[in-house]
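The values are calculated or read from the model by the stated rules, or taken from the named source; none is laboratory data. Please read these numbers as outputs of a predicted model, since none were measured by experiment. Neighbour counts run over all protein chains shown; Cβ positions are idealised from the backbone, glycine included.
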Amino acid sequence: MYMINKDFYPTPQSLVHKMTANIENVKTILEPSAGKGDLVNHFLDRNIYRPINIDVIEIEEDLRTILNEKGFNVIHDDFLSFHSEKPYDLILANFPFSDGDSHMLKAIQLQEKYGGKIIALCNAETIRNPYSQQRKLLEYKLNEYEAVVEYLQNEFTNAERETNVEVALITLTVPEKKTKSVFIDHLKETEQETYSEYKHNQIVENNPISQLISRYNFEAKVGMTLISEYEKIKPLLSSSIKDTYPIIELSVKGDENDNRLNFIQSLRNKYWRLFITGEQIRGRYTSNVVEGLQKRLEDLDKKDFTKYNLLALQDELNKTISGDIDDTIISLFDKLSCQFSYNKSDYEKNVHMFNGWKTNKSWKINKKVIIPVNGYSSYSWKKDDLEYRYVTGQLNDIIKSLKYLDNNTELYDCSSLIESVKDDVLKHKNIELPYLTVSFYKKGTCHIVFTDTKLLDKLNIFGSQKKGWLPPSYGKAEYKDMTNVDKEIVDEFQGEEEYSKVLLEKDYYLEKKQFLMLN
């Protein structure tokens, strides 16, 4: 057998184990110079537990007979003339010592189609001495894919067929190429004039809503064209000449037995969800509004993702935003002033005679308040233990309420900031937010300090009036003209001097306004 093929050197078991030691998570393997199958024999036992699709190639007819008898899938004879569109996770080879450069380049060429790994043996001289153009090309490719080359001496001195040839063990990975879609590129070309006209006539340059609508329209065009093209070529993909059942089946997830309808429904859902969770909503509205919109997703995706429908939703939100903000502020007022007091029953009896925590007066929001986080593990203190969604939701509502009172319509969402300063959270550092600084403690609390005391006073007045804790004469009568009962309440709330300041700046502290979060 060895006389027939001068390049046939069966791989020693010690080298087989070395080459296959770290192979994991492969589904398809090609052995292009299989010989008797010494390399791929290693995977036969594995196939019992985790099936691996193995193809082999062998140029010698007698060796192909052996491989077939062992049950291997022999798919070709000469590797150098082999062509296939099948992707292989791994090409595992002991290449012919006399022609290793050609075989190695062929293996790289195959993996460059879809990406994949190569573990191969070559004559070391092939790598050490790049005297020909072909070997120089191989050298370039090995450098391009950052191949690891390990030179091994005496590996075949005690092998089934002995030789003193030094070998090179080459390991490399060809990454999957991120190629552009010819299908999408063609659609972009055909739609170019439409997009140019759209950009030219945009009402607001770089408007995120307009950009989202544009993305939706293009994805809808791509998806519907793909479904249409599939229906046209489906007869070519049938499993047999007589059978119309396709080899490739396109199925869009959904409740209806209609790919087009399912696709549009799913795409609408995707973009309504993007809109609701995007800055235009989360950055402007309270958590109550966002949660309410998320519950309405099933109804929203019945409507197309158009400018008209977005404006209709915007108009609906604008009509309810003042009431929502009022409710949110009252809820926050309860939470920050009394909810975390020690004894709620005392608070309910007389709000003016009870103080809770040191920094939480039960009838007024102090400059510093403490809220529970309820997001840390009781066993450890790690940054990943913090339930950021809960914390950022609370902080966002506080900031948006203050922005409302400050007549500030800028978008803001503290989620990304809190996420970016996890290390500072661990160190209990103050985190600067609009109107606030916050810090977290491992006992499970968040300490909030209001940095704008004038705006805090306005929040307290707003909340106290809504709760009915301040007399009807508050802000209307001079202190000297109030009844003794009203004076007593004002004294407990802020005192005569601070009340006089409120009267001097009624437009700030007591203004009535129509406030639209979207415009």
Problem set entry | Those residues of region 314-354 which are loosely packed, with under 12 Cβ neighbours inside 10 Å and modelled with pLDDT of 80 or more, in sequence order | ASP315, GLU316
Seminar exercise, completed: If you go through ILE461, ILE448, the only one that is surrounded by 13 or more Cβ atoms within 10 Å (Cβ to Cβ) and not in a helix (DSSP H, G or I) is ILE448
Exercise. Which of the following residues is in contact with a Gly (Cβ under 8 Å, 6 or more places away or on another chain) and either among the hydroxyl-bearing types (Ser, Thr, Tyr) or under 19 Å from VAL174 (Cβ atoms) (or both): ASP101, ASP89?
Worked result: ASP89
For this session: Filter region 76-102 down to residues that are out of contact with any Cys (no Cβ under 8 Å at 6 or more places or on another chain) and assigned to a helix (DSSP H, G or I), then give me how many there are.
Result: 4
For this session: Check region 100-107 and report whether any residue there is modelled with pLDDT under 95 and of a type in the set (A, V, I, L, M, F, W, C).
Result: no
Seminar exercise, completed: Of the conditions (1) over 41 Å from the mean Cα position of the chain (by Cα); (2) in a helix (DSSP H, G or I), the single one that CYS122 does not satisfy is (2)
For this session: Tell me which residues, restricted to region 75-114, are touching an Asp or Glu at 6+ places or on another chain (Cβ under 7 Å) and crowded, with 18+ Cβ neighbours inside 10 Å.
Result: LEU92, ALA93, PRO96, PHE97
Problem set entry | Subset of region 70-87 (residues that are closer than 19 Å to VAL16 by Cβ and in contact (Cβ under 8 Å) with a residue 24 or more places away in the chain) | LYS70, PHE72
Problem set entry | Subset of region 465-513 [without any contact (Cβ under 8 Å) to a residue 24 or more places away in the chain and in contact with a Gly (Cβ under 7 Å, 6 or more places away or on another chain)] | none
For this session: Would you check if ARG135 is of a type in the set (D, E, K, R), buried (at least 17 other Cβ atoms within 10 Å of the Cβ) and modelled with pLDDT under 95?
Result: yes
For this session: Output yes when any residue across region 252-272 is surrounded by 15 or more Cβ atoms within 10 Å (Cβ to Cβ), assigned to a loop (DSSP other than H, G, I, E, B) and among the aliphatic types (A, V, I, L, M), and no when none is.
Result: yes
For this session: Return yes when ASN68 is farther than 15 Å from ALA120 by Cα, in the same structural domain as PHE156 (by TED's automatic domain parsing), part of a helix (DSSP H, G or I) and at pLDDT 85 or above and no when it is not.
Result: yes
For this session: Being polar (S, T, N, Q), closer than 21 Å to GLU291 by Cα and at pLDDT below 80 is the filter; apply it to region 393-426 and report the residue that is farthest from the chain's Cα centre (by Cα).
Result: THR409
Problem set entry | In region 281-313, the residues that are closer than 18 Å to GLU410 by Cβ, in contact (Cβ under 8 Å) with a residue 60 or more places away in the chain and crowded, with 19+ Cβ neighbours inside 10 Å | ARG282, ARG284, TYR285, THR286
Exercise. Which members of region 138-168 meet the condition of being in a helix (DSSP H, G or I) and either loosely packed, with under 15 Cβ neighbours inside 10 Å or among the acidic types (Asp, Glu) (or both)?
Worked result: GLU139, TYR140, ASN143, GLU144
